[in-house]
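Below is one structure; the comments refer to it alone.
Values in this text are rule-based calculations from the coordinates and carry no lab data. Only a predicted model underlies this, so the values are computations on that prediction, with no experimental measurement involved. Neighbour counts are summed over all protein chains in view; Cβ atoms, including those assigned to glycine, are modelled from backbone coordinates with ideal geometry.
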Amino acid sequence: MSNFTDYIGGGGSASYPTFFLHKSQTWVPPQDGNICIHVIGAGGGGAGYSGTPRSGAAGGYSKKNTLAVTTSGSFTVVIGAHGNGAAGNNGFAGGASTVAGTGLSATLTANGGTGGLYGSDTTAGGTASGGDVNNTGGGGYYQGGGGGVGLTGTGETGSSY
């Protein structure tokens, strides 16, 4: 007796797993192949200022479009910590996220966004370097939202309400 799958051609496509790494670690590819790496810096914390909040900025974004990997290689992954908010004072900057390892010619770095600044209207998004794509995160804004991560260009600045 045949199964329906016996009649379906291979087609040559393969599905590879997606990994979301949310803590710093050494990562070893589970199989040989080509990967795409996305690195996002942590966002900055907001600042409280007499009822007028100032938002933190988004982290930068770095992307390596394709990289051949094997199970004998490894990567050191550092995940930046979010910036804490502060009442009546500046918010804290977000931490940088980095990926370095076998086959990479440069460390992929996505810097964290600046924290909301007491007495200032805008904050700067984190920068990025080392990838095929390196975008700056969107800035934070007073009385409104924080910046957005820029996947296709510079991230959007938060807007006032």
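Rank 140, 43, 101 by mean-square fluctuation in a GNM of the chain with C-alpha springs under 10 angstrom and give only the top-ranked residue.
Looking only at 140, 43, 101, the largest GNM fluctuation is found for 101.
Short version: ³J(HN,Hα) in whole Hz for each residue of region 54-70, in order, from phi by Karplus 6.51 cos²θ - 1.76 cosθ + 1.60 (θ = phi - 60°), x for Gly and Pro, what are they?
Listing the rounded values in order: 10, 7, x, 9, 7, x, x, 9, 10, 9, 9, 4, 8, 8, 6, 10, 10 Hz.
From the backbone phi of region 143-155, what are the Karplus-calculated ³J(HN,Hα) couplings (6.51 cos²θ - 1.76 cosθ + 1.60, θ = phi - 60°) in whole Hz, Gly and Pro given as x?
6, x, x, x, x, x, 6, x, 6, 10, x, 4, x
Say we join alpha carbon atoms closer than 10 Å with springs in a Gaussian network model of the chain; which of 82, 38, 22 then has the biggest fluctuation?
Between 82, 38, 22, it is 22 that shows the largest mean-square fluctuation.
Running a GNM on the chain with Cα contacts under 10 Å, which residue among 85, 33, 113 ends up with the highest mean-square fluctuation?
Largest GNM mean-square fluctuation: 33.
For an R0 of 35 angstrom, estimate the FRET efficiency from the Cβ-Cβ distance between residue 106 and residue 156 and round to the nearest 0.05.
Working: r = 27 Å, r/R0 = 0.77.
That gives a FRET efficiency of 0.85.
Suppose R0 equals 22 Å; then what is the FRET efficiency for residue 25 and residue 70 from their Cβ-Cβ distance, rounded to the nearest 0.05?
Values: r = 19 Å, r/R0 = 0.84.
Using R0 = 22 Å, I get an efficiency of 0.75.
Roughly how many whole Å is it from the C-alpha centroid of region 110-125 to that of region 29-84?
With region 110-125 and region 29-84 each reduced to a Cα centre, they are spaced 17 Å.
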